[in-house]
Amino acid sequence: AIHGSAFSTIHVTPEDGFSYASYEVVGFDASTLAYGDLVKRVLRCFGPSEFSVAVTIFGGHGHAGTWAKELNADAYKCNNMVEQELPCGGLLIYQSFDATEDVPGAVGSPKSVLHCFEAENMVN
């Protein structure tokens, strides 16, 4: 998906007993989109029993906004969080999560995730 200077990709590999989905996004102003809100919208689309998130921030914590904070993902509990300083002042934050309760199946479409939650058209 392309949204101005930002873009996102979705890759899904359905397999018996183990399926994999990845969502990647780049090129938007992180100060205009809350990290937790974006992740929660993606989770509602896929409804995984476990997931991980890796965020790379150039410029360190000062440029990270909400993206450098521990993620609160409602029905999921963080079981691992690692912060790694990168050369040239970058920061990598990795977190992995497991579901703490039944997660409802996928609903909605991930195509509108980058629209900052404004006046989007929902298909019932």
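By accessible area of protein heavy atoms, probe 1.4 Å, what ranking do V82, V55 get, highest first? It would help to have the intermediate numbers written out before the result.
Values: V82 65, V55 10 Å².
The residues order as V82, V55, largest area first.
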Quick calc: nm separation of the 7 Å Cα→Cβ label points for E83 and H11 -> 2.9 nm
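The values are calculated or read from the model by the stated rules, or taken from the named source; none is laboratory data. Note that the coordinates shown come from a computational prediction; the quantities given were computed from them, not determined experimentally. Glycine gets a Cβ as well: all are built from the backbone with ideal geometry, and neighbour counts include every protein chain shown. Accessible surface is based on the protein model in full, side chains and every heavy atom, while ligands, DNA and RNA are left aside. Shrake-Rupley method; radii C 1.70, N 1.55, O 1.52, S 1.80 Å.
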